[in-house]
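First the structure, in the form of structure tokens, and then the observations on it.
The values are calculated or read from the model by the stated rules, or taken from the named source; none is laboratory data. Just so it is clear, the model here is predicted, and its values are computed rather than measured. With ideal geometry, Cβ positions are generated from the backbone for all residues, glycine too; neighbour counts draw on all protein chains shown.
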């Protein structure tokens, strides 16, 4: 079974530009989560999508946005890039179990570098 | 609000020695607890998870963790360290969320494990 995939692996942008990151969940998973892993800040929750809708949002400015497509894949957009947006962006997917534990499985990440 | 504290940002052990990585959590409801491992330049791999079925949880690669409600702890152990265990380990917590899955994971800051030959 294929795991969570993310593209691109690396992305280099300059300050002020926009970045688009993509994620394909495990087959059958309907929930997609985005996390940012920045140096010194640890892993922080960004966005959660389930069944095409945004379920929850972390403490990030509105220039971080995304969407989930009918095939449950997801896109993270970061507008007006700032130097501190440089980080590893991790996508995770889950079955969205209505009861009990709902395990998140992670992709390999996209390394975004803002110059 | 949920939070996770991992004691020790860096732990160093000798090959063959016991590995003990500490995790304490706070949560307003009985939580779900996870340990993930991250190898250099890779994503997170699930090691094990606590789902209230059993307090002692066995995971992959010989790791296990014990849930202790009275101590609000979920420490990760492995009897004998191997060189391949060198990585970053993250403890995480989530809660049930309105019958639509679980809340996003809240992570500890991670513990880097070094294994000395």
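General observations
Results for (1) without any contact (Cβ under 8 Å) to a residue 60 or more places away in the chain; (2) within 14 Å of chain A (Cβ to nearest Cβ); (3) farther than 22 Å from residue A:37 by Cβ; (4) outside any loop (DSSP other than H, G, I, E, B), shown as yes or no for each residue.
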| site | (1), (2), (3), (4) |
| --- | --- |
| B:13 | no, no, yes, yes |
| B:49 | yes, yes, no, yes |
| B:57 | yes, yes, yes, yes |
| B:74 | yes, yes, no, yes |
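- Filter result for residue B:31 (within 13 Å of another protein chain (Cβ to nearest Cβ), surrounded by 12 or more Cβ atoms within 10 Å (Cβ to Cβ) and over 12 Å from the mean Cα position of the chain (by Cα)): yes
- Among the candidates A:58, A:109, A:100, the residue that is surrounded by 21 or more Cβ atoms within 10 Å (Cβ to Cβ) and at the interface with another protein chain (Cβ under 9 Å from one of its Cβ atoms) is uniquely A:109.
- Conditions (1) facing chain B (nearest Cβ under 9 Å); (2) over 24 Å from residue B:92 (Cβ atoms); number of the one not met by residue A:95: (2)
- Subset tally (residues that are at pLDDT below 95 and either assigned to a loop (DSSP other than H, G, I, E, B) or under 17 Å from residue B:106 (Cβ atoms) (or both)) for region B:60-72: 2
- Identity of the residue in region A:70-92, under 17 Å from residue A:41 (Cα atoms) and assigned to a loop (DSSP other than H, G, I, E, B), that ends up nearest to the other protein chains (Cβ to nearest Cβ): A:86
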